[in-house]
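Novice: Mind looking over this structure? Questions follow.
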Amino acid sequence: MINSMTGFGRFEGEINGRSLTLEVKSVNHRYTEFSCRITRGYSFLEEKLKSYITSKVSRGKIDVFLSLSEPENTPAQVEINHNLAEGYVNALSEISQEYSVPNTVTAYDIARYPDVLTVRKTPEDEEMVWNDVVQALDKALEAFLAMRRAEGERLKADVLQRAENIMSYVAEVEKRSPQTLKEYEARLRERIEELLGSNDYDEQRVITEVAVYADKIAVDEETVRLRSHFEQLNTYLNSDEPVGRSMDFLIQEMNREANTIGSKVKDAEIAQTVVRIKNEIEKIREQIQNIE
């Protein structure tokens, strides 16, 4: 099955009392590139996310966003910095006495000063956190991979259609090529007769000249290789393995054959057909850039 490198999946909800928002998206890339943004304090999840996702995706630029909270029942302990609190109380009392102003400070006021209170929560079990995250990840990946598959099917259909177009153009070249040789021979004989003023000339020389010309413009090998390349392309399109890189190389070979045909032909009609072949190959190449 052909997969696109473009995909998006999202999960937002609560798992075991923990709120989670997780997004996975990807675009085309020559290799695999992974980046991740995670809620502060949970950076230990990055490598786990990378390993899990790249086991299911072989190529593309993958971006992950993960926001999660602690479970509502997470134990917490509030610690008081008594020395600092006492310092604030004494300082405020001194200000009140020195400047004859009321000292109306309350415990709440003291608690709001920086570093007087420190909240310490019991460290979470990393494996339990990951178990929650992977549930969200599986749901996001389900949509993400489905989108890549659907887009891949569209790419496959487009590439197959363009391949059929090219094969029809190749058939036109194969049909027209022998005719150009006959036309060349007719023109050659006509030119000789004009120069000599008669049809009394060395037939063997004409045959030799036509044979030399035929060898110069022969494109049989190139069209055969093009057909072989498209058979291989069809095999790739029906493969269950990632084939984007292999297809990219194959397209380069197909373009090389088309260029060779274009350099050999001396016929305007075939030259125009070769241009159409190259245009379709280029469109296939653009589509393949998005295939995993």
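The values are calculated or read from the model by the stated rules, or taken from the named source; none is laboratory data. The structure presented is a predicted model; accordingly, all values stated were derived computationally and were not measured. Heads up, the Cβs are rebuilt from the backbone with ideal geometry, glycines too, and the neighbour counts pull from every protein chain shown.
Novice: Here is a check on your reading of the model: is residue 164 assigned by TED's automatic domain parsing to the domain that holds residue 243 and either loosely packed, with under 15 Cβ neighbours inside 10 Å or closer than 30 Å to residue 46 by Cβ (or both)?
Specialist: On the way: assigned by TED's automatic domain parsing to the domain that holds residue 243: yes; either loosely packed, with under 15 Cβ neighbours inside 10 Å or closer than 30 Å to residue 46 by Cβ (or both): yes.
For residue 164, the condition - assigned by TED's automatic domain parsing to the domain that holds residue 243 and either loosely packed, with under 15 Cβ neighbours inside 10 Å or closer than 30 Å to residue 46 by Cβ (or both) - is met.
Novice: Let me ask something additional. Taking the criterion of being among the small types (Gly, Ala, Ser) and modelled with pLDDT of 90 or more, would at least one residue in the stretch 255-268 satisfy it?
Specialist: Just the residues of the stretch 255-268 that are among the small types (Gly, Ala, Ser), to begin with: 258, 262-263, 268.
Next, only the ones that are modelled with pLDDT of 90 or more stay: 258.
Scanning the stretch 255-268 turns up at least one residue that is among the small types (Gly, Ala, Ser) and modelled with pLDDT of 90 or more.
Novice: Looking at (1) in contact with a Ser or Thr (Cβ under 6 Å, 6 or more places away or on another chain); (2) free of Cβ contacts under 8 Å to residues at least 12 places away in the same chain, can you tell me which one residue 47 breaks?
Specialist: Result: residue 47 fails condition (1) only.
Novice: Taking the stretch 167-183 as the search range and keeping residues that are of a type in the set (S, T, N, Q) and surrounded by 16 or more Cβ atoms within 10 Å (Cβ to Cβ), which one is farthest from the chain's Cα centre (by Cα)? Lay out the reasoning, then the answer.
Specialist: Here is the first cut: in the stretch 167-183, the ones of a type in the set (S, T, N, Q) are 168, 177, 179-180.
With surrounded by 16 or more Cβ atoms within 10 Å (Cβ to Cβ) added as a condition, the list becomes 177, 180.
Working: 177: 40, 180: 44 Å.
Among residues in the stretch 167-183 that are of a type in the set (S, T, N, Q) and surrounded by 16 or more Cβ atoms within 10 Å (Cβ to Cβ), the one farthest from the chain's Cα centre (by Cα) is 180.
Novice: While we're here: Please tell me if residue 148 is among the basic types (Lys, Arg), loosely packed, with under 12 Cβ neighbours inside 10 Å and either in contact (Cβ under 8 Å) with a residue 24 or more places away in the chain or at negative phi (or both).
Specialist: Numbers: among the basic types (Lys, Arg): yes; loosely packed, with under 12 Cβ neighbours inside 10 Å: no; either in contact (Cβ under 8 Å) with a residue 24 or more places away in the chain or at negative phi (or both): yes.
Spelling it out, it is not the case that residue 148 is among the basic types (Lys, Arg), loosely packed, with under 12 Cβ neighbours inside 10 Å and either in contact (Cβ under 8 Å) with a residue 24 or more places away in the chain or at negative phi (or both).
Novice: Can you give me the number of residues within the stretch 220-236 that are within 13 Å of residue 163 (Cβ to Cβ) and among the β-branched types (Val, Ile, Thr)?
Specialist: Here the count works out to 1.
Novice: Residue pairs, Cβ under 7 Å, 6 or more apart or interchain, first in the stretch 117-137 and outside any helix (DSSP H, G or I) and modelled with pLDDT under 90, second surrounded by 12 or more Cβ atoms within 10 Å (Cβ to Cβ) and small (Gly, Ala, Ser). List them.
Specialist: Filtered contacts from the stretch 117-137: 117/111.
Novice: Quick check: anything in the stretch 90-110 under 47 Å from the mean Cα position of the chain (by Cα), of a type in the set (Val, Ile, Thr) and either in the same structural domain as residue 142 (by TED's automatic domain parsing) or over 30 Å from residue 235 (Cβ atoms) (or both)? Talk me through it step by step, then tell me what you get.
Specialist: First, pick out the residues of the stretch 90-110 that are under 47 Å from the mean Cα position of the chain (by Cα): none.
Scanning the stretch 90-110 turns up no residue that is under 47 Å from the mean Cα position of the chain (by Cα), of a type in the set (Val, Ile, Thr) and either in the same structural domain as residue 142 (by TED's automatic domain parsing) or over 30 Å from residue 235 (Cβ atoms) (or both).
Novice: Tally the residues that are surrounded by 10 or more Cβ atoms within 10 Å (Cβ to Cβ) and touching a helix residue (DSSP H, G or I) at 6+ places or on another chain (Cβ under 7 Å), restricting the search to the stretch 106-126.
Specialist: Number satisfying all stated conditions: 4.
Novice: I would also like to ask the following. In the stretch 252-292, how many are within 17 Å of the chain's Cα centre (by Cα) and assigned to a helix (DSSP H, G or I)?
Specialist: Residues of the stretch 252-292 within 17 Å of the chain's Cα centre (by Cα): 283-292.
Then drop every residue that is not assigned to a helix (DSSP H, G or I), which leaves 283-288.
Selection size over the stretch 252-292: 6.
Novice: Any idea how many residues of the stretch 246-259 are under 21 Å from residue 5 (Cβ atoms) and in contact with a helix residue (DSSP H, G or I) (Cβ under 9 Å, 6 or more places away or on another chain)?
Specialist: Within the stretch 246-259, residues that are under 21 Å from residue 5 (Cβ atoms) and in contact with a helix residue (DSSP H, G or I) (Cβ under 9 Å, 6 or more places away or on another chain) number 6.
Novice: Could you grab the pairs with beta carbons closer than 9 Å, sequence gap of 6+ or different chains, first residue in the stretch 81-102 and within 23 Å of residue 117 (Cβ to Cβ), second one loosely packed, with under 10 Cβ neighbours inside 10 Å and among the acidic types (Asp, Glu)?
Specialist: Close Cβ pairs (under 9 Å, with a partner that is loosely packed, with under 10 Cβ neighbours inside 10 Å and among the acidic types (Asp, Glu)) amount to 81/115; 84/115.
Novice: Restricting the search to the stretch 59-80, which residues are out of contact with any helix residue (DSSP H, G or I) (no Cβ under 9 Å at 6 or more places or on another chain) and not charged (D, E, K, R)?
Specialist: 65, 67, 69, 73, 74, 75, 76, 77, 78
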